[in-house]
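The values are calculated or read from the model by the stated rules, or taken from the named source; none is laboratory data. As the structure is a computational prediction, the values presented were derived from the model and not from experiment. With ideal geometry, Cβ positions are generated from the backbone for all residues, glycine too; neighbour counts draw on all protein chains shown.
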Amino acid sequence: MSMHGSSLEAKLVILGSQGVGKTSLVMRYVQNTFSPHSASTIGASFLTQRMQVFGVIRRGYVDDCRVVLQIWDTAGQERFRSMAPMYYRGANAAILVYDITSEQSFQDISSWVEELQRNTGDIDIHVVGSKLDLAEKSREVPQERAQAYVRNTLGSLHDVHEVSAKDATGVDELFHDVTRSLVERTYEIERTRRERQAGDVQLRDGRQEASDQACCNV
Amino acid sequence: MYGFRKGNQHLSLAEIQKFEVEYAPTMQRRREKWDALLREYSNGQLPPLSSKVRRFIRKGIPPHLRGQCWLHYSGAMEYMKKNRGRYQQLVALSSDRKYREHRDLIERDLHRTFPENIQFTSAAPSTLVRRRASPVTSRFRQQPTSSTVPILQQLRRVLTAFAVRCPSVGYCQSLNYVVGLLLLFMSEEEAFWMLCTIVERIMPEGMYGVKMEGVTVDQEVLMRLLEERMPAIGHRLSRDSAEAGAPPVTFVTSHWFLTLFVDVLPVESNLRVWDCLFLEGSEVLFRVALTLFKMHEQQICAIDDPLELFQYLQNMPKRIVNCHWLMENCFRKYTSMTHVNAKELERRRKHARDVTLRRLSTTTSAAAEPAPAPTRGESVAALFRL
């Protein structure tokens, strides 16, 4: 049941250490392909993906929202990190990727979280463990530990996502969750703003005037 | 060609084949001309540099002479002759524990270098390259290695030896592509000296260093040149970077410079650029970049959406299959717009360095709170035109 055909454009940036599989994750999601060795990313590359989020409550109605995701896939090598602020500037969400078979790549996540929290307003952060297909053979980062870290750092409503770009496990769900969370946050911001506005109006002349434009652009 | 898969989302196999048919007579003519030139110097040596040689190089070095010409005219061959045995020494040193971090970073990129090139994915020996069984190679073959692909083992050794030689650079992503392409045309020791020549002599200081400040400076220079010589494009691009959220064009162009257009231009066009780059110097990168902008001026100015424009810029070099046309445009048709010589470039780089440093100091002093020194990330962000 869709009352408003809303649409939203959002910027998503993918960050994480060299070789954790950032490009593979994006390629699996956008093109549904996987190659065991994708070319290393220099600087950053940019892709867009359209999707739809169903059944989000907006102004008391169940709404469907069309989303255009701008996905920024970045280089992982430490020295390219100096360019990262230009990629995450203005981003609405960030996916931080570590490799579950590399403790070091997981350690690197915390500095990303700190940097994002310091330099961006309220970016929506998602922590993702990649290469789940290798879990049995060479897992180094237990899921429980990653989960505990994520809850501790980002709040109790957050979960670590474990995915495999190789066999596609969890990839669509991840991007769906990220997008859904973006839409919900946007509606939440919109609601708060409307309430504040309505409050202002009532204070001034008692007339209530809800602005009806779809202010969905983050 | 050279083991690369032909055809991709940007350029169809048919388009490439059509061009190859057109280009074949030119290739044949160049081959004959070069053979005649070499006969003039009957001793089988490459002739010393002259305006004729330079003209020949701009028109393209035939594939069978490419490796040799690059080595000779860049000065890498001389470098190598003066340092006989040094490469083998460095390779031996590179197994030391203290270089483990470099080795790990390089290892992670080996299989990600030209994953679509057959020579980088199978054990097939290269047909193009003069292979010599160097003592280094044979010694390493006896050790168990993670990869069985000969060219990847060479790539690993060249990159680690370079990291040992040049600690201020170590290993920088994108050098894997540069060395990978070199190895299709020369032996590993030659590729090593060619790499040293590129990083230490041809490219400006700090291009591949840990802070990559050379990238920032060169992008500032390029943007200034664009504004001066193609104001319509310069205006279009600066308007975007002024808009919040629009990605600066330097994201795209810094990739061009770091990889020396590898994996950016189609391979034959890339090789034609390298022919000139190794003889003439890094000004060639600016000339080619300006040519690419000029060739797409109308389209660039017609695209209104900043994100669409960014994607267009990202992909525009990938369609330049006609290498001859690219170089003709660069050195003839648009020469007045692309021309920049070494001296002028030096002056512009100095100016750009001052500008970026000033921008950095004003950005940091403007920060009111007594925050700790900006992280490296923040300082470089300030250097870019945000």
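Okay, here's what the table says:
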| item | result |
| --- | --- |
| Counted residues, the range B:82-93 - those being within 25 Å of the chain's Cα centre (by Cα) and outside any helix (DSSP H, G or I) | 1 |
| Members of the range A:102-119 found to be among the small types (G, A, S) and part of a helix (DSSP H, G or I), listed by number | A:S105, A:S110, A:S111 |
| Unique match (being in contact (Cβ under 8 Å) with a residue 60 or more places away in the chain and buried (at least 22 other Cβ atoms within 10 Å of the Cβ)) among B:F257, B:F278, B:F261 | B:F278 |
| Odd one out for A:L134, checked against (1) on the phi < 0 side of the Ramachandran plot; (2) buried (at least 21 other Cβ atoms within 10 Å of the Cβ) | (2) |
| Subset tally (residues that are outside any strand (DSSP E or B) and at the interface with chain B (Cβ under 10 Å from one of its Cβ atoms)) for the range A:36-61 | 8 |
| Test set (1) under 17 Å from the mean Cα position of the chain (by Cα); (2) not in a helix (DSSP H, G or I) - B:E268 fails condition number | (2) |
| Single residue of the range A:67-101 satisfying the filter (touching a Pro at 6+ places or on another chain (Cβ under 9 Å) and in a helix (DSSP H, G or I)) that is surrounded by the most Cβ atoms within 10 Å (Cβ to Cβ) | A:Y87 |
| Which numbered condition B:G209 fails, given (1) within 14 Å of chain A (Cβ to nearest Cβ); (2) surrounded by 22 or more Cβ atoms within 10 Å (Cβ to Cβ); (3) over 30 Å from B:G3 (Cβ atoms) | (2) |
| Residue selected from the range A:75-93 under the condition of a type outside the set (G, A, S) and farther than 20 Å from B:D104 by Cβ, by the criterion modelled with the highest pLDDT | A:N92 |
| Every residue from the range B:121-150 that is within 14 Å of chain A (Cβ to nearest Cβ) and either part of a loop (DSSP other than H, G, I, E, B) or at pLDDT 90 or above (or both) | B:S122, B:S146, B:S147, B:V149 |
| Any helices (runs of 4 or more DSSP H) falling wholly within the range B:333-386 and containing at least 3 residues that are in contact with a helix residue (DSSP H, G or I) (Cβ under 6 Å, 6 or more places away or on another chain) and at pLDDT 60 or above | B:342-366 |
| Filter pass, A:D64 being away from chain B (no Cβ under 14 Å) and either part of a strand (DSSP E or B) or touching a residue at least 40 places away in the same chain (Cβ under 8 Å) (or both) | yes |
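Yes/no matrix, rows are residues, columns are (1) outside any loop (DSSP other than H, G, I, E, B); (2) at pLDDT 90 or above; (3) closer than 24 Å to B:V210 by Cβ; (4) more than 20 Å from the chain's Cα centre (by Cα):
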residue: B:N43; (1), (2), (3), (4): no, no, no, yes
residue: B:V53; (1), (2), (3), (4): yes, yes, no, yes
residue: B:F56; (1), (2), (3), (4): yes, yes, no, yes
residue: B:R66; (1), (2), (3), (4): yes, yes, no, no
residue: B:W70; (1), (2), (3), (4): yes, yes, no, no
residue: B:M80; (1), (2), (3), (4): yes, yes, no, yes
residue: B:S95; (1), (2), (3), (4): no, yes, yes, yes
residue: B:D104; (1), (2), (3), (4): yes, yes, yes, yes
residue: B:D109; (1), (2), (3), (4): yes, yes, yes, no
